[in-house]
């Protein structure tokens, strides 16, 4: 089986993360390791109020992880997340290599903005665009 490129979003208790960030991070990494995943990049993403209460919690921290793994390991990963007390919810997205690399770059800060166009002129229009603009408009229709 071939390796797939995944982005995982883990919702964890923000209080636990504030008191012991290393333990929470290690919990997430150990769950991924048990499923056979190779972590490429990870970081805390967003901390804040949840849209609705989940397991009695009103605040949470979203932790984003980019990893590679065989497709067969997904069932194990989901089961490990359900058994873990630190992880409240999880979501996984399969990416193409190009999107995965861009996401990893955004997480690690290695992405630079694309160069801006040097010309401020409008792009060349299609063959019939100019004639269409010059045609009289029939208001009777």
(message) Where the second residue is surrounded by fewer than 17 Cβ atoms within 10 Å (Cβ to Cβ) and the first is part of a strand (DSSP E or B) and lies in segment 74-90, which pairs have Cβ atoms under 6 Å and are six or more apart or on separate chains?
(response) 88/54; 88/55
(message) Need the failing condition index for residue 31 against (1) modelled with pLDDT of 90 or more; (2) in contact with a strand residue (DSSP E or B) (Cβ under 6 Å, 6 or more places away or on another chain), just the number.
(response) (2)
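Listed here are the residues, each with its yes/no results for (1) at pLDDT 65 or above; (2) under 30 Å from residue 52 (Cα atoms); (3) over 12 Å from the mean Cα position of the chain (by Cα).
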{"position": "83", "(1), (2), (3)": "yes, yes, yes"}
{"position": "93", "(1), (2), (3)": "yes, yes, no"}
{"position": "101", "(1), (2), (3)": "yes, no, no"}
{"position": "105", "(1), (2), (3)": "yes, no, no"}
{"position": "109", "(1), (2), (3)": "yes, no, yes"}
{"position": "124", "(1), (2), (3)": "yes, no, yes"}
{"position": "131", "(1), (2), (3)": "no, no, yes"}
{"position": "135", "(1), (2), (3)": "no, no, yes"}
(request) Report yes if some residue within segment 53-61 is under 17 Å from residue 108 (Cβ atoms) and in contact with a helix residue (DSSP H, G or I) (Cβ under 7 Å, 6 or more places away or on another chain); otherwise report no. (result) no
(request) Working only within segment 18-47, note down all residues that are within 23 Å of residue 104 (Cα to Cα), free of Cβ contacts under 8 Å to residues at least 60 places away in the same chain and not in a helix (DSSP H, G or I). (result) 35, 36, 37, 38, 39, 44, 45, 46, 47
(message) For segment 52-69, check the following and say yes or no: at least one residue is under 25 Å from the mean Cα position of the chain (by Cα), in a loop (DSSP other than H, G, I, E, B) and at pLDDT below 90.
(response) yes
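The values are calculated or read from the model by the stated rules, or taken from the named source; none is laboratory data. Predicted model, so just to flag it, every value in this text is computed and none were measured. Note that we place each Cβ from the backbone using ideal geometry, even for glycine, and neighbour counts take in every protein chain shown.
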